[in-house]
Every structure is written in C-alpha cells, then in structure tokens.
1. Can you find a residue that is outside any loop (DSSP other than H, G, I, E, B), at pLDDT 70 or above, touching a Lys or Arg at 6+ places or on another chain (Cβ under 8 Å) and surrounded by 14 or more Cβ atoms within 10 Å (Cβ to Cβ) anywhere in the range 60-74?
2. Of these, Ala48, Ala41, which one is modelled with pLDDT under 75, touching a strand residue (DSSP E or B) at 6+ places or on another chain (Cβ under 6 Å) and among the aliphatic types (A, V, I, L, M)?
Amino acid sequence: MADLHQFFQLTQQAQGRLQQLQSELASHMVEAQAGGGMVRAVQIDPEAFAGRDAELLSVLVLAAVAEAQRRVAELVQSELGKVPVTTGAAPL
C-alpha cells in the first residue's frame with residue numbers, strides 16, 4: 001500500500017510541476033522571421049510592402065508563423081524533458 005501512496009505523491013508532484021511549467025511557458029515570447037527579417041511573427045516591417053505583391057507577403061507571413069510554431073514546439077519539448085516521469089513500476 002505504501003508503493004501506491006508513493007506513486008500518488010509522485011503523480012501529484014509531476015502534475016504540480018507541469019502546471020508550473022505551463023505558466024512559465026505562457027510567459028515566453030517566441031519570435032521568428034522570414035524574408036531576411038522584413039516579416040516577423042509579431043510585426044511586419046513597412047519595407048516588406050515596398051514593390052511587392054500581396055501573395056509574396058502572405059508567403060512570408062506564413063513562413064514566419066510556421067517558424068515561430070516550430071520554435072515553440074522545441075521550447076515545450078525541452079522544458080517537458082526536465083519533468084521527471086515515473087510509472088511507479090519496479091525496474092525490470
């Protein structure tokens with residue numbers, strides 16, 4: 001019965017750490033850019049419009065957003081890797 005109690009304690013600790021991690025990740029700002037820095041996921045340089053068509057601009061915006069999503073996924077994976085995971089099972 002002690003093993004089950006210990007398992008529940010470890011599970012609660014992991015859940016607490018995951019909640020803390022979620023709060024920490026929510027405060028991160030991830031920036032990405034496309035078009036040599038003319039388009040960023042959080043702002044668009046007015047120079048990006050100069051002599052360009054809307055289709056090119058939309059491609060640059062999508063590229064910047066995709067890069068930002070990739071960076072967020074990397075950040076989340078990195079931080080989740082720091083959270084200890086236990087099944088409570090005895091090692092084989």
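The values are calculated or read from the model by the stated rules, or taken from the named source; none is laboratory data. This is a predicted model, so every value here is computed, not measured. Because the Cβ atoms are built from the backbone with ideal geometry, glycine has one as well, and the counts that use them run over all protein chains shown.
1. The answer is yes; a qualifying residue exists.
2. Only one candidate passes the filter, namely Ala48.
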